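Visitor: Can you read through this structure? Questions will come right after.
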Amino acid sequence: MQYFPIPGNSKEGVGHVNDLETMYIRKATQGDARAFEALIRPYERKVYNMALRMFHQEADAWDAAQEILLKAYRNLPGFKFESSFSTWLYRVAANTCIDLYRKQKRKRERECSLDQTMEERPDGLHRLVASKGDTPEEALVRKETILEVHRAIEALSPDHRMVIVLRDLQGLGYKEIADILECSEGTVKSRISRARESLKRILLENREQTAGQIVP
Amino acid sequence: MKCKEIEDLLFLYGEGECTKEETALVDHHLATCDNCREILALDKELLSTLQSLGSLEQELPEGFHNTLMEKVHALQSPIPKVSWFRRIHPGIYGAAAAMLLLVALLGSFLQPGPSPATGTSESAFQEGAALDAVDSSMAVMESAETPEGAVPEVAMKAEDAAGGARDVAPAAPSKDRNAVLVVVLLSTAWILLADFFLERRQGSR
Ligand SMILES: [Zn+2]
C-alpha cells in the first residue's frame, strides 16, 4: 500500500502535475517569462545532461542547452498538446543537437583541427566516476570501463549517438523515443540495436589497440 | 545463420524488451549455444555500464539558469506604453496636412485679386492674415527639424495673426470667413506643435 503517492506515479499525481504544467504552458505561450521559468525548471538539468552527452564538452553543452531552451520558449506557441511537454521538449533538444552537431562538424572540417577534437579533455565525468564508493580495485575497473564507453560513444555517428543517449543514458522508453523522433517503434528498435552493435565494435577496436600498445 | 538472427535480438532480450515469441526463440537457442550465451553476457555488461554512465548526472552549472532567463527576458518585446495621442499620431499629421491644403486652396478662391501681402500697415497685414497664417503653419511643420528656439517665435507670430484676424472679423463677410479659416488653421498648428513637444519630451526620456 502506498501512503505517500509519488507525483507522476499515481494517476492523481500525473493529473495534478499536468494541470499545473498546462497552465504554465498557456501563460508562457503568451510571453509570460515567469511561467516559462516554472515550466522548464524540472527539465533544465535533463536538457543540460543530454547536451553534455551529445557534445561531451561542458562549454558546448552549455551553448547547446541554452539554445534548446530558448528555442523551446520561442516555439512554444507551436506546442499543441498532441504529446507530453517532455516529449516535445526532447524533440526540440534532439533536433537542435543534430543541427548544432552538423554546424560544428562543418566548422571543424574548415579548421582541419581533428587532432584537437580527438584529444582527451577533462570534463565533469571524471570527477563523478571517481566519487562512487566501491573498493579501490573495483572503483578503478569500473571507472576505466565507464570512461571507455564514454569515449566510444563520442566516436558514434550523431544519429546513433542520439538514440544511445535517449535510450541508454537518459533512460527513455522505446515508445517515447519513437514519439520524439517521429518514427515507428520498430524503426527505433532497429536503430538502437544497430547503434549498440556499432558501439560494441568501437569498444572492441579500442581495446585491441590498447592491448597492442601495452604488449608489444 | 541461426546465431546471427539470435544475436540481433540479444540486446533487446538482455533488457527484457523482446516479445513473447522472440523470448521463447532466444531461450530455446541459448540452451544449446555457448557462443550466443557469451555474447549475451557481453551485451548485458555493456548495457549495465551504459546505465551506470547514465546515472552520473551532472549538476546544472552555476549561472546557467540566470543566463537563460536573461536571454528569455531579452527576447520578450514589451508593448510600449503610449498615450492615445501618440497612437493616433500618424493620423493627426495626415489630417493636419489635408486641412492646411484645403484652407490654403479656399483662401486663394475666396480672395479674388492680389492681396496686399507687401503692405506694412495693420489693415494690409490683416487682409493677408489667412495666407500668412498658412505660411506660418507651414513654418511650424518645418520647425519640427529646426532648433528649439525657433518654435516659440513662430507660435507668437501665429497668435498675432489670429488676434489680428479676430479684430477685423465683424468688418466684412469675406473677412469673417477668413477669420473662421484662420481659427481652424491655428487649431491645427497648435495640435502639431503640442504633438511636437510631446514627442520631444518622450524621446528625451
Ligand atoms: Zn548461437
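Visitor: Name the pairs: first residue in segment B:58-72 and at the interface with another protein chain (Cβ under 7 Å from one of its Cβ atoms) and under 23 Å from residue A:169 (Cα atoms), second residue open to solvent by 20 Å² or more (accessible area, probe 1.4 Å) and of a type in the set (Lys, Arg), Cβ to Cβ under 7 Å, at least 6 apart or on different chains?
Guide: B:60/A:45
Visitor: Checking the structure you have, find out if any residue of segment B:11-34 is within 10 Å of the ligand (Cβ to nearest atom), charged (D, E, K, R) and touching a helix residue (DSSP H, G or I) at 6+ places or on another chain (Cβ under 8 Å).
Guide: Taking segment B:11-34 first, the residues within 10 Å of the ligand (Cβ to nearest atom) are B:26, B:29-30, B:32-34.
Applying the additional criterion that residues be charged (D, E, K, R) yields B:34.
Right, trim to touching a helix residue (DSSP H, G or I) at 6+ places or on another chain (Cβ under 8 Å) and you get none.
Checking segment B:11-34: not a single residue is within 10 Å of the ligand (Cβ to nearest atom), charged (D, E, K, R) and touching a helix residue (DSSP H, G or I) at 6+ places or on another chain (Cβ under 8 Å).
Visitor: For segment B:31-57, enumerate the residues that are among the basic types (Lys, Arg) and within 14 Å of another protein chain (Cβ to nearest Cβ). Outline the logic, then answer.
Guide: Narrowing segment B:31-57 to residues among the basic types (Lys, Arg): B:37, B:44.
Selection gives B:44 alone.
Visitor: Also, quick follow-up: So is residue A:144 open to solvent by 50 Å² or more (accessible area, probe 1.4 Å) and under 28 Å from residue B:5 (Cα atoms) or not? Outline the logic, then answer.
Guide: Numbers: open to solvent by 50 Å² or more (accessible area, probe 1.4 Å): yes; under 28 Å from residue B:5 (Cα atoms): no.
Considered against the rule, which asks whether it is open to solvent by 50 Å² or more (accessible area, probe 1.4 Å) and under 28 Å from residue B:5 (Cα atoms), residue A:144 comes out as no.
Visitor: Let me ask something additional. Check residue A:70 against each of (1) within 20 Å of residue A:176 (Cβ to Cβ); (2) at pLDDT 95 or above and name the one condition it does not meet.
Guide: (1)
Visitor: Consider segment A:161-185. How many of its residues are without any contact (Cβ under 8 Å) to a residue 60 or more places away in the chain and open to solvent by 50 Å² or more (accessible area, probe 1.4 Å)?
Guide: Qualifying residue count for the region: 4.
Visitor: Would segment B:13-30 turn up any residue that is open to solvent by 30 Å² or more (accessible area, probe 1.4 Å), aliphatic (A, V, I, L, M) and either assigned to a helix (DSSP H, G or I) or more than 9 Å from every other protein chain (Cβ to nearest Cβ) (or both)? Walk me through how you get there before you give the answer.
Guide: As a first pass, look at segment B:13-30 and keep what is open to solvent by 30 Å² or more (accessible area, probe 1.4 Å): B:13, B:15-17, B:19-25, B:27-28.
If we keep only those that are aliphatic (A, V, I, L, M) as well, we get B:24-25.
Still in the running and either assigned to a helix (DSSP H, G or I) or more than 9 Å from every other protein chain (Cβ to nearest Cβ) (or both): B:24-25.
Yes: segment B:13-30 contains one or more residues that are open to solvent by 30 Å² or more (accessible area, probe 1.4 Å), aliphatic (A, V, I, L, M) and either assigned to a helix (DSSP H, G or I) or more than 9 Å from every other protein chain (Cβ to nearest Cβ) (or both).
Visitor: Please identify the pairs in which a residue from segment A:50-79 that is touching a residue at least 60 places away in the same chain (Cβ under 8 Å) has its Cβ atom under 6 Å from the Cβ atom of a residue that is part of a helix (DSSP H, G or I) and among the acidic types (Asp, Glu), counting only partners at least 6 apart or on another chain.
Guide: What qualifies is A:56/A:154.
Visitor: Given the options B:116, B:78, name the one that is loosely packed, with under 12 Cβ neighbours inside 10 Å, more than 16 Å from the ligand (Cβ to nearest atom) and modelled with pLDDT under 90.
Guide: Going through B:116, B:78 in turn, the sole match is B:78.
The values are calculated or read from the model by the stated rules, or taken from the named source; none is laboratory data. Treat the numbers as computed from the prediction; the structure is a model and nothing was measured. No Cβ is skipped: glycine too gets one built from the backbone with ideal geometry, and neighbour counts run over all protein chains shown. SASA here: full protein model, heavy atoms, side chains in, ligands and nucleic acids out. Shrake-Rupley method; radii C 1.70, N 1.55, O 1.52, S 1.80 Å.
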